[in-house]
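The values are calculated or read from the model by the stated rules, or taken from the named source; none is laboratory data. If you're wondering where the values come from, they're calculated on a predicted model, not measured in any experiment. In this analysis, Cβ positions are derived from the backbone assuming ideal geometry, glycine residues included, and neighbour counts consider all displayed protein chains.
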Amino acid sequence: MFNILSESLHLTNFFIVSVLFLIVLTRCYTFKKIKNFWIILSVFFLVTSTYYVPSQLVAAYESKIANYNPDIVNKNKTHYLHVLGAGYSLDPNLPATSQLSPTTLARLVEGIRIARQLPNYKIITSGYYNYGLESQASVARRAAIELGIPSEQIKQLETPSNTAEEVAVFVDQFGTQKKVIVVTDALHLPRAIMLYQKAGITAIGAPATFQVKKEPNDYNGFTFPSYRSVSLMNAYLRERLKYWKDSL
């Protein structure tokens, strides 16, 4: 239930409902009496819909986990690269790489990039069955093979439907003594690392995608309100809410 509510949470819906509510209030009260509510809503809209605040919050959160550094890895050990799932579409007319969502594919590519730097590794794909058909873990496994990874180097976790379950199933199948590298989005990584810590594993983070990328000549100040900025802020708030829930 929490996952359904968190996925449906969006600031756009909040603004629409708030405006409609205030319009209804104007039929019962004078504008002067509800003026402060309009001001608060307007300021909140500007803060969340212009680029500066959302980008600063997201960039700070994405930098909480350092980029993967191959120099800190003990190459004499076998490392388990857990590539977390992020969606797929099971279209038999497409290669496996095209059936994965862009986010899942980016995570898998990063996992493979790291695997090629390690003499001993296992790639772990995860994700449950969609409508009783082939699982996301299986499609990701096929995609990894298409990208040159030997099939014997890949393990599947085919039952998890969210991050907490992915970590729990990994621990059930492989225990807590493995050397784990978690591959996922930079915004998602703090929660994934926290869940592994709760399970008794000190995992290494490997961010695969970033919501905020700053080029040297980018303008990082205030901009006109945009849906992209609202979506960025929404992604940040949703991830922080899920972190709070999973940390309990």
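Answer yes or no as to whether Ala199 is at pLDDT 95 or above and buried (at least 21 other Cβ atoms within 10 Å of the Cβ). Step through it out loud before you land on a result.
Details: at pLDDT 95 or above: yes; buried (at least 21 other Cβ atoms within 10 Å of the Cβ): no.
Answer is no for this residue.
In the range 22-50, how many are within 25 Å of Trp244 (Cβ to Cβ) and touching a residue at least 60 places away in the same chain (Cβ under 8 Å)?
Looking only at that region, the number is 3.
Out of the residues in the range 135-161 that are in a loop (DSSP other than H, G, I, E, B) and of a type in the set (Ser, Thr, Tyr), state the one that is surrounded by the most Cβ atoms within 10 Å (Cβ to Cβ).
In the first step, residues of the range 135-161 are kept if they are in a loop (DSSP other than H, G, I, E, B); the result is 147-150, 158-161.
This time we only want the ones that are of a type in the set (Ser, Thr, Tyr), so: 159, 161.
Details: Thr159: 17, Ser161: 15.
Top of the filtered list is Thr159.
Working carefully through the options Phe15, Phe37, Phe31, find the one that is more than 30 Å from Thr184 (Cα to Cα) and surrounded by 16 or more Cβ atoms within 10 Å (Cβ to Cβ).
Phe15
Quickly run through the range 68-96 and pick out the residues that are out of contact with any helix residue (DSSP H, G or I) (no Cβ under 7 Å at 6 or more places or on another chain) and of a type in the set (Gly, Ala, Ser).
none
With respect to the numbered conditions (1) loosely packed, with under 14 Cβ neighbours inside 10 Å; (2) touching a residue at least 40 places away in the same chain (Cβ under 8 Å); (3) of a type outside the set (Lys, Arg), which one is the sole condition not fulfilled by Val109?
Here Val109 clears every test but (1).
Go through the residues of the range 83-95 one by one and say whether even a single one is in contact with a Pro (Cβ under 8 Å, 6 or more places away or on another chain) and in contact (Cβ under 8 Å) with a residue 12 or more places away in the chain.
Checked the range 83-95: at least one residue is in contact with a Pro (Cβ under 8 Å, 6 or more places away or on another chain) and in contact (Cβ under 8 Å) with a residue 12 or more places away in the chain.
Right, Val58: in contact with a helix residue (DSSP H, G or I) (Cβ under 6 Å, 6 or more places away or on another chain), modelled with pLDDT of 95 or more, over 23 Å from Ile149 (Cβ atoms) and not assigned by TED's automatic domain parsing to the domain that holds Thr163 or not? Give the derivation first.
On the way: in contact with a helix residue (DSSP H, G or I) (Cβ under 6 Å, 6 or more places away or on another chain): yes; modelled with pLDDT of 95 or more: yes; over 23 Å from Ile149 (Cβ atoms): yes; not assigned by TED's automatic domain parsing to the domain that holds Thr163: yes.
So Val58 passes the test.
Limited to the range 140-175, what total is found for residues that are within 18 Å of the chain's Cα centre (by Cα), within 13 Å of Leu81 (Cα to Cα) and of a type in the set (D, E, K, R)?
1
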